[in-house]
Amino acid sequence: QVQLVESGGGLVQAGGSLRLSCAASGRTFSNYAMGWFRQAPGKEREYVAIISRISNILYYADSVKGRFTISRDNAKNTVYLQMNGLKPEDTAVYYCAADRAVVPSSRSGDYDYWGQGTQVTVSS
């Protein structure tokens, strides 16, 4: 089992920044690819960014490319999502997830463990 706990969400004005953190415990963190996903009210959960076990593979959804940065610190068992240039359409609950795959997936169904989510609200 892997336990994931997100933090860092909140209310921010458009153009602002937030840094989300996801702390992992339970199994060896470096054995898992990690992803950030989000779900807005009335919408499907969508992938935001993914990172491989040793950070050599990173992918971003087109909607966040150039504004968001995913990173991880395996010594601290933590994955981060730095969000800059936030827009109202970024408002959602953000989830981190863990997957044992070597190559990270953008499909939420491939992930084995999920955090409880953290709310990000961007006002216009």
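The values are calculated or read from the model by the stated rules, or taken from the named source; none is laboratory data. All values reported here derive from a predicted model rather than from experimental measurement. Backbone-built Cβ (ideal geometry, glycine too); neighbour counts: all protein chains shown. With ligands, DNA and RNA removed, areas are computed over all heavy atoms of the protein, side chains included. Shrake-Rupley method; radii C 1.70, N 1.55, O 1.52, S 1.80 Å.
Taking 21 Å as the straight-line reach from the Cα of Lys76, none of the lysines fall in range once those fewer than 8 positions away in the same chain are excluded.
Mind checking which lysines have their C-alpha under 17 Å from Lys65, skipping anything on the same chain fewer than 8 residues away? Partners within reach: Lys87. Between Asn31 and Asp62, the simple label model (points 7 Å from Cα in the Cβ direction) yields a spacing of 3.7 nm. If only the Cβ of Lys and Arg carry +1 and only the Cβ of Asp and Glu carry -1, the dipole of the chain around its Cα centre is close to 200 debye. Accessible area per residue (1.4 Å probe, heavy atoms of protein chains only) ranks Asp99, Asp112 as Asp112, Asp99, with the largest value leading.
For Ile57, Ile50, the ranking by accessible surface with the largest value first comes to Ile57, Ile50, using a 1.4 Å probe. Averaging the Cα positions of each part gives two centres, and for region 56-100 and region 15-44 these lie 7 Å apart.
Could you tell me whether the chain comes out rounded, prolate or oblate from its Cα gyration tensor? Rule is a ≥ b ≥ c as square roots of the eigenvalues, rounded for a/c under 1.5, then prolate if a/b exceeds b/c, otherwise oblate. Since a/c reaches 1.5 and a/b is larger than b/c, the shape of the chain is classed as prolate.
What is the percent carbon and sulfur in the accessible area of the chain, measuring with a 1.4 Å probe over the protein chains and ignoring ligands? Spell out each step's value before the answer.
Numbers: 2880 of 6130 Å².
Carbon and sulfur: 47 percent of the exposed surface of the chain.
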